[in-house]
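Each value in this text was obtained by applying a stated rule to the coordinates, not by laboratory testing. What you are looking at is a predicted structure, and each value in this text was computed from that prediction instead of being measured. Don't worry about glycine lacking a Cβ; one is built from the backbone with ideal geometry, like all the others, and counts go over all protein chains shown.
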Amino acid sequence: MLTLNDTQALASEVVEILTKEAKIQSISVGNYEKIHYPKYLPFFRFIVKKFGVKDFGNLMIMQTKAMGGMRLLTMSFTPNLGTDIPYLLIDCMSVGKKRAVFIEYYDHTEKKQVPISLLKIARQYEYLPDYKETSAWYVSLRTKYSLIKGNTREEEPELIKMLLKTVKAYGKLSQNVSGDISENLNKLQTFRKRMIKEGNPSSKILTRVLGEKGAKSFYCNIIMPIKEDEKGVGIR
């Protein structure tokens, strides 16, 4: 049975589901594949993977192990071909008795259409308790069909179902949207610049580990590649 604590198994399941919906190809991340900080007695351990997704863009999956038993799984779905689909950021967390899954959509598209398949999932799981998070600049930018859910281990099976259904629906949607719109990419890049400048909890950890310049490079080339020289050799 899948758990939020077993980030490796969960990441593999996500890739398997996405592979059934789209053609994907692994892309080398070089020295970023395994990161330890500090080097000899690490507080943080990261395993990073990057994929090219045909007719969509890029996917990054990052597993994080931190002191205190915290486990994080971060997935960044970047539609860098300019198609009409929102950017998707997923964070899964397991620490102590807490379990949470954040499904965050940021709609940078011109048309601002609400995907029915994603809206259905949001309505299906709206009964789950909302995770209490602190206020931040990016919260108001999320779409209304985003899901910030979690509380205790009791919700874990439903949180995982919610996650996997989202990946399947988003993967299918990514192959059935049109558009090669430069304005979509311009707005996506504006959002990325703000994310780099103002940050979120994950980016603050990366800045601590990689330094300011290193974190910016990691964000542009691994987490949210947009320009051609950032995407890597993958499927187009």
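Of the residues in the range 105-112, at least one is under 20 Å from L73 (Cα atoms) and under 20 Å from the mean Cα position of the chain (by Cα).
Scanning the range 178-209 for residues that are of a type outside the set (S, T, N, Q) and free of Cβ contacts under 8 Å to residues at least 60 places away in the same chain yields R192, K193, R194, M195, I196, K197, G199, P201, K204, L206. Suppose we keep only residues that are outside any helix (DSSP H, G or I) and hydroxyl-bearing (S, T, Y) within the range 18-44. Which one would you say is surrounded by the fewest Cβ atoms within 10 Å (Cβ to Cβ)? So the residue we want is Y40. Tallying residues that are surrounded by 17 or more Cβ atoms within 10 Å (Cβ to Cβ) and touching an Asp or Glu at 6+ places or on another chain (Cβ under 7 Å) within the range 144-171 yields 5.
Note on the range 178-236: residues that are more than 26 Å from D55 (Cβ to Cβ) and either of a type in the set (A, V, I, L, M, F, W, C) or in a loop (DSSP other than H, G, I, E, B) (or both) total 8.
If you filter the range 82-131 down to residues that are β-branched (V, I, T) and not in a loop (DSSP other than H, G, I, E, B), you find that the one that is nearest to S178 (Cα to Cα) is I116. Of all residues in the range 32-61, those that are farther than 20 Å from T19 by Cα have Cβ atoms under 7 Å from Cβ atoms of residues that are among the hydroxyl-bearing types (S, T, Y) and surrounded by 14 or more Cβ atoms within 10 Å (Cβ to Cβ), 6 or more apart or on another chain, in F43/Y37; F44/Y37; F44/T64; F46/T64. Screening S182 on (1) surrounded by 15 or more Cβ atoms within 10 Å (Cβ to Cβ); (2) touching a Gly at 6+ places or on another chain (Cβ under 8 Å); (3) not aliphatic (A, V, I, L, M) shows it passes everything except condition (1).
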